[in-house]
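The values are calculated or read from the model by the stated rules, or taken from the named source; none is laboratory data. Small disclaimer: the values here were computed from a predicted structure and weren't measured. Using ideal geometry, Cβ is built from the backbone for each residue, glycine included, and neighbour counts are taken over all protein chains shown.
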Amino acid sequence: MAQATETESRKLLSGLQGVMADAAAGQERLDRITRLIAASMGTEVCSIYLLRDADTLELCATQGLAPEAVHVTRMRMGEGLVGRVARSAQPINTANAPAERGFRYMPETGEERYSSFLGVPIQRLGERLGVLVVQSRDAREYSGDEIYGLEVVAMVLAEMTELGAFIDQNTALAERHKQQVMFRGACAQEGVAMGHVWLHEPRVVVTRLVSDDPEAELARLGHAVDQMRLDIDDMLTRAPLAEGEQREVLEAYRMFAHSRGWMRRMEEDIARGLSAEAAVEKEQSTARARMETVSDAYLHDRLHDLDDLSNRLLRRLTGQGRDTGAELPPDPVLVARNIGPGELLDYGRRLKGVVLEEGSVGSHATIVARALAIPLVIHARPITTEALNGDLILIDGEQGIVHLRPEETVAKAFRDKMAMQAEAQERYASIRDKQAQALCGTVLSLQMNAGLMADLPSLPSSGADGVGLFRTELQFLTRNKVPRRGELAALYARVMDAAQGKRVVFRTLDIGSDKVLPYMKKTEEPNPALGWRAIRVGLDKPGVMRMQLQALIRAANGRPLSVMFPFIAQLEEYTQARDHLLREMDREAALGHKLPETLEIGAMLETPSLAFAPRRFFEGCDFISIGGNDLKQFFFAADRENERVRRRYDTLNVSFLTFLEQIVHRCRDTDTPLSFCGEDAGRPVEALCFAAMGLRALSMRPASIGPVKSLIRRVDLREARAVINAARANGAQSVRPAVMEWLDQLG
Ligand code: PEP
Ligand code: MG
């Protein structure tokens with residue numbers, strides 16, 4: 001890069017800094033900046049368009065276009081060349097703008113006189129803020145150097161916008177981080193919550209944007225990068241003996257920290273007048289914007305690495321650590337791009353809710369949030385750039401909606417909803433010790449799902465008859481190596497102690513494919529949900545499962561023990577798993593350990609195939625539990641993790657209910673106890689219909705027991721069955737409308 005360009009660029013940036021330092025009004029600052037840029041770049045036009053709301057760009061200042069157009073000319077995202085730059089977050093550089101695809105003629109601006117056009121996005125950490133444009137009369141393309149220079153300027157403008165430098169009554173720009181914003185994400189754990197934002201990674205605020213001492217900035221950057229690399233090396237040596245793919249991921253991360261390309265770009269930014277931290281953030285913003293568009297998973301991960309490394313660097317350069325001195329609010333709602341299961345567990349039940357920009361329904365963090373019964377919304381973008389610590393936030397885990405800084409009317413409606421739920425919970429408390437007996441006399445057993453020791457205290461307060469599903473994955477997910485048998489035995493023993501004699505059904509490890517343990521070799525599979533998971537892993541590599549079975553036998557220490565195997569798809573898998581358990585019983589006996597007083601062995605029915613298994617299968621199970629989450633996804637061929645399809649088919653669809661009825665019949669034929677432990681068991685209307693179809697045991701989140709029991713106690717299951725049968729006879733697709741109408745009439 002030519003020395004002259006660098007000097008010119010530094011001059012321009014220090015001019016911008018001068019504008020920032022002057023106590024001028026927002027509009028005046030914008031006007032001065034457009035003049036400075038046009039003069040520095042030798043263009044006839046320089047215009048700044050800022051986003052007025054999520055979808056509208058407005059011409060906020062111009063040098064060269066008609067002044068009357070300022071605050072008049074507006075376009076939507078994607079509209080015209082300016083809108084295209086904003087949407088794609090990519091520059092547009094053309095010698096003949098009117099001939100360019102998407103060009104939109106704005107007569108009020110007088111821009112038809114200008115042929116060449118260069119627009120670059122004004123963006124900050126993936127958030128679009130506006131577009132910076134220069135135009136000239138002569139038909140020429142701008143050089144790579146000029147584009148780069150304009151991007152550096154746009155970065156400074158983005159930070160100025162963020163700092164509120166352009167707000168005054170003339171610009172009528174809204175103050176940042178003050179407005180109500182709604183995010184529509186995806187639901188990963190149901191429930192509603194109201195609280196105050198707690199940012200997992202506090203925002204680093206870059207206030208020193210510009211420097212005219214590049215040597216000093218390069219030295220600062222170099223020092224910070226060296227330190228960061230040492231940290232990473234240290235992290236790698238301390239990391240457990242990761243193997244295979246996991247090792248590769250860590251190595252890729254280290255390699256990236258040494259990336260020459262990345263360093264070179266930051267050095268160039270500094271040479272043009274940015275401070276070291278502004279240079280880091282500029283590259284981070286570009287990476288975030290790219291992250292949205294790349295579909296290649298490997299590239300996406302590398303951009304993610306860059307983002308992570310940038311955060312480390314920014315913290316070093318600005319001295320703003322994770323510990324900002326802010327105090328966790330009493331009702332924290334955690335806001336993060338993503339979070340690991342261990343970190344989430346550390347926060348534990350203190351959290352009222354969690355909102356993530358990334359994540360997936362099957363991710364480890366989701367499993368933890370589910371176990372903690374904390375409402376979780378994922379894919380709420382770009383909440384981490386919008387939220388500030390302490391902002392009021394409402395999350396509706398059912399709808400996957402988040403309201404940040406809600407207006408009073410929204411907050412009030414939410415409060416009313418929560419008050420109603422709290423009232424209902426109180427009413428449920430009054431029936432806690434009563435049976436879930438329907439008016440027809442049928443008694444259901446309502447049990448709870450759990451996955452953590454911490455869940456057990458809710459067993460007595462929920463009124464559950466026992467734990468119908470204890471998911472054992474968490475103890476494996478939150479460690480960096482396989483837990484030891486002794487540790488597991490101690491934990492399972494404490495779970496049984498806490499259950500005080502009530503039945504606890506332990507499900508063996510349901511892991512594999514997308515739910516990869518940190519120390520497990522990840523195998524790429526085209527369809528993870530249909531892949532090598534759960535019992536398939538357990539049978540093919542029985543070491544861990546056998547160790548877990550031994551731990552369970554030792555934990556029982558003479559008490560009754562119930563074990564079930566997940567994801568059984570055919571008879572033989574069950575018999576093999578059962579044989580493993582029986583063999584371990586013999587071994588433990590031979591070693592002198594006390595055997596359980598009674599042993600129940602069950603299977604989870606999660607694949608449709610198992611419903612049609614030979615009679616021998618049903619005879620050979622001490623009990624069966626329907627894993628409705630998986631069973632439903634395979635029955636309808638609709639991925640439970642795919643937001644596009646996961647709500648597409650109603651659980652009360654006649655086909656699914658009829659299928660459940662068949663399973664009930666098969667179990668009845670062989671006197672095999674049957675329960676249902678998917679999420680649907682905790683939805684009162686669904687639970688009622690399952691009971692009407694003949695299910696007598698349901699296992700659900702502790703908080704659902706009250707609502708389900710309350711409804712069951714108000715209805716006659718024979719009547720419910722008659723309503724369902726009538727709807728089926730009428731050819732309904734789902735029995736829901738008929739059941740809802742009947743319930744309405746009951747009042
Ligand atoms: C299910 O599939 O319904 C189930 C209970 O198991 P998980 O949700 O853990 O897959
Ligand atoms: Mg399952």
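Among the criteria (1) crowded, with 21+ Cβ neighbours inside 10 Å; (2) in a helix (DSSP H, G or I), the one CYS60 does not fulfil is (2). Within the stretch 535-555, the set of residues being of a type in the set (A, V, I, L, M, F, W, C) and touching a helix residue (DSSP H, G or I) at 6+ places or on another chain (Cβ under 7 Å) comprises ILE535, LEU539, MET545, MET547, LEU549, ALA551, LEU552, ILE553, ALA555.
Among the candidates GLY102, GLY126, which residue alone is at positive phi and surrounded by fewer than 21 Cβ atoms within 10 Å (Cβ to Cβ)? GLY102 is the lone residue from the list that is at positive phi and surrounded by fewer than 21 Cβ atoms within 10 Å (Cβ to Cβ). Touching a Ser or Thr at 6+ places or on another chain (Cβ under 7 Å) and in contact (Cβ under 8 Å) with a residue 24 or more places away in the chain: does that describe GLU6? So GLU6 does not fit the description; no.
State whether one or more residues within the stretch 615-636 are surrounded by fewer than 14 Cβ atoms within 10 Å (Cβ to Cβ) and within 16 Å of ligand 1 (Cβ to nearest atom). Even if it seems obvious, please write down each step before you answer.
Pass one, the stretch 615-636, residues surrounded by fewer than 14 Cβ atoms within 10 Å (Cβ to Cβ): 615-616, 619.
When the remaining residues are screened for being within 16 Å of ligand 1 (Cβ to nearest atom), the result is none.
Within the stretch 615-636, none of the residues are surrounded by fewer than 14 Cβ atoms within 10 Å (Cβ to Cβ) and within 16 Å of ligand 1 (Cβ to nearest atom).
Among residues of the stretch 463-485 that are in the same structural domain as ALA551 (by TED's automatic domain parsing), those with a Cβ under 6 angstrom from a residue that is among the polar types (S, T, N, Q) and surrounded by fewer than 22 Cβ atoms within 10 Å (Cβ to Cβ), sequence gap 6+ or separate chain, pair up as ASP465/SER445; PRO483/GLN475; ARG485/GLN550.
If only residues of the stretch 546-566 that are in contact with a strand residue (DSSP E or B) (Cβ under 9 Å, 6 or more places away or on another chain) and more than 16 Å from ligand 1 (Cβ to nearest atom) are counted, the one that is nearest to HIS593 (Cα to Cα) is ILE553. When residues in the stretch 608-636 are screened for being of a type in the set (Gly, Ala, Ser), within 16 Å of ligand 2 (Cβ to nearest atom) and either assigned to a loop (DSSP other than H, G, I, E, B) or in contact (Cβ under 8 Å) with a residue 60 or more places away in the chain (or both), 2 of them pass.
Do you know which residues across the stretch 114-151 are part of a loop (DSSP other than H, G, I, E, B) and closer than 25 Å to MET291 by Cβ?
Within the stretch 114-151, the first condition is being part of a loop (DSSP other than H, G, I, E, B), and the residues that meet it are 114-115, 125-126, 137-143.
Matches in the stretch 114-151: LEU125, GLY126.
Applying the set (1) over 34 Å from the mean Cα position of the chain (by Cα); (2) modelled with pLDDT under 95 to VAL134 leaves exactly one unmet item: (2). Annotation: of all residues in the stretch 100-137 being in contact with a Leu (Cβ under 8 Å, 6 or more places away or on another chain) and among the basic types (Lys, Arg), the one that is farthest from GLN63 (Cα to Cα) is ARG128.
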